[in-house]
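Just below is one structure, and these are the notes that go with it.
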Amino acid sequence: KLSATIFPGILKEKLKNFSKIEKAFQKAFVEMEKEIDFNLSGTTALCFLSNEKNLVVANLGDSELSLCQKGKCQKITRKHNLRNEKERERVLRNGGIIIGDYVFKGDFGRIPTRFLGGKYFREVGIIGEPEIFNHSLDKGDIIVAGSDGYWDIFNAEDAVIFFQHSDLALSMAKCVLPKIWNYDSVGMINGFDNLSLIFVKI
């Protein structure tokens, strides 16, 4: 909630000072990190700016963004967790203890290897620096951005099917939520993860 309230203003200010969107994103995340004075907790973040020609994405954590072009969908971002080899290597270099999908420092563990806040974990390689991605856009492309609560169950193609059934957010939510609640897999309590989903049609 703090990030959602403060970050747009910070980014708007950085965009005035830096001609490159990528640089503005990086500086805005540094500024946002100063505002989040949490030692153990924090937040992941997925931000993007687009026009009809270009897409710039800043990702931090386990949310993801896909781009669907001419019927084909591809992930533009990468999750920041221990299944990402580069993230895993950084954690190990910094002395992080890995148990399953978690990075531990002392008695406390976290799954994302990048997030804002969580200063307690900085010395074991969990960082607050976003990864920046660029991609070209064409008219008719569909951007699908979502939190891990969506991507753990669905893919981008599913999202486009939901989108085609209705362009109204409430109708789409009514389509997606029952499928989340009915999802079943070993070891999971279903329907209780956070879920945010954004569609943009160019």
For region 19-90: rounded, prolate or oblate by the Cα gyration tensor [a/c cutoff 1.5]: oblate
Taking only Cα atoms of region 1-41, radius of gyration then Dmax in Å: 10.7, 34
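Leaving out ligands, DNA and RNA, what percent of the accessible area of region 22-146 is carbon and sulfur, probe 1.4 Å?
Roughly 47 percent, rounded to a whole number.
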Gyration tensor verdict on region 103-163 (Cα atoms; rounded if a/c is under 1.5, prolate if a/b is larger than b/c, oblate otherwise): oblate
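Find the relative contact order for region 1-95 and round it to a whole percent, using C-alpha pairs within less than 8 Å whose residues are 6+ positions apart. Let's see the in-between values first.
Details: 86 pairs, mean separation 14.3, N = 95.
Relative contact order, region 1-95: 15 percent.
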Simple label model, 7 Å out from Cα along Cβ direction - Ile202 to Gln69, nm: 0.7
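The values are calculated or read from the model by the stated rules, or taken from the named source; none is laboratory data. Values in this document were obtained by computation on a predicted structure and should not be read as measured data. No Cβ is skipped: glycine too gets one built from the backbone with ideal geometry, and neighbour counts run over all protein chains shown. Quick note on the areas: whole protein, heavy atoms, side chains included, nothing else; ligands and nucleic acids left out. Shrake-Rupley method; radii C 1.70, N 1.55, O 1.52, S 1.80 Å.
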